[in-house]
Amino acid sequence: MSWIIRIVFAYVGLKLLGIIGLIGGLVAAHFLVKGVITQKQRLDPELRQQIEAALFNAAFPLMGYLAKADGRVSEEEIQAAEALMARMQLSAQQRKEAIALFKGGSKPEFTPEPLIGHFMQVCGQYSDVKQILLSYLIAIALADGEVDSREQQSLQDIAKQLGFSRFMFEQLMKMAQAQSQFRGGQYHQQGGGDAQSPQAVLDQAYEALGAAPSYTDAQLKKAYRKLMSQYHPDKLAGQGVPDEMLKVATERSQEIQTAYEIVKQSRKYQ
């Protein structure tokens with residue numbers, strides 16, 4: 001995990017500020033990795049194991065449950081689950097377990113309430129861990145390009161059980177949909193087709209940050225920093241998020257970073 005963080009920070013620094021940014025990125029990554037190790041050492045090993053297991057064992061059955069909410073598990077949803085497993089770099093045994101959990105969640109007799117109840121007993125006090133779980137579920141719901149009304153209701157019910165208000169859930173849905181379009185450090189238009197106008201891309205960037213053009217620079221930076229904090233590897237590691245899932249959180253932070261840079265760049269010429 002530490003080498004991934006170093007590469008990401010070095011690459012972003014190089015892109016933004018050249019060789020000086022590269023050096024600065026490596027220095028920042030060094031302290032970040034050090035922070036991850038320190039945070040892991042602070043968390044009781046037994047509690048860490050409980051949180052890791054609760055998150056893993058909740059994520060994949062609930063993904064299967066949501067995929068089946070509209071009556072059938074689509075090929076896109078299966079691909080999205082497999083892509084998540086690939087990005088997490090699961091071992092062969094972990095992948096086997098994840099597939100079994102996903103299939104179990106997609107069965108007609110599956111009910112999510114007991115599973116969510118157990119997850120909340122272990123992770124309820126960790127707001128960022130709960131948001132990580134919800135973001136994975138939203139990604140599965142969006143995998144086939146649209147959210148069926150039954151999927152929407154199931155997601156909203158899960159979010160409520162996790163302690164999210166309806167307003168916060170709807171905001172997270174919009175932001176997750178926009179953030180996914182900046183994967184890999186560049187803009188990806190949903191559904192292909194003709195290239196989006198610069199204004200449309202900018203609108204998506206604002207939405208990815210949960211911000212608006214009316215925000216001052218200070219308000220924009222605050223929104224950006226809040227999001228980056230939620231997906232920061234050292235903070236999540238300190239709350240017991242497994243290394244495999246930290247890799248996905250790092251990708252999400254890259255998407256947020258890209259959206260922020262697009263907005264900042266646009267403001268230079270206003």
Verdict on Gly71 being in the same structural domain as Ser253 (by TED's automatic domain parsing), surrounded by 13 or more Cβ atoms within 10 Å (Cβ to Cβ) and more than 25 Å from Ala237 (Cβ to Cβ):
no
Would a scan of the stretch 152-164 turn up a residue that is under 24 Å from Tyr231 (Cβ atoms) and loosely packed, with under 14 Cβ neighbours inside 10 Å?
yes
Any residue at all in the stretch 47-58 that is more than 22 Å from Ile140 (Cβ to Cβ), among the charged types (D, E, K, R) and either at pLDDT below 50 or not assigned by TED's automatic domain parsing to the domain that holds Glu261 (or both)?
no
Scanning the stretch 241-267 for residues that are of a type outside the set (A, V, I, L, M) and under 10 Å from the mean Cα position of the chain (by Cα), which turns out surrounded by the fewest Cβ atoms within 10 Å (Cβ to Cβ)?
Lys247
Does the stretch 216-267 hold any residues that are part of a loop (DSSP other than H, G, I, E, B) and closer than 19 Å to Gln204 by Cβ, and which are they?
Tyr231
Can you name every residue in the stretch 240-253 that is farther than 18 Å from Leu172 by Cβ and not small (Gly, Ala, Ser)?
Pro242, Asp243, Glu244, Leu246, Lys247, Thr250
Looking at the stretch 123-145, is at least one residue more than 25 Å from Asp243 (Cα to Cα), in a loop (DSSP other than H, G, I, E, B) and assigned by TED's automatic domain parsing to the domain that holds Leu227?
yes
Among the listed residues Gln171, Gln204, Gln177, identify the single one that is polar (S, T, N, Q), under 30 Å from Leu115 (Cβ atoms) and at pLDDT 80 or above.
Gln171
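The values are calculated or read from the model by the stated rules, or taken from the named source; none is laboratory data. This structure is a prediction, so every number in the text was calculated from the model and none was measured. We place every Cβ from the backbone using ideal geometry, glycine too, and count neighbours over all the protein chains shown.
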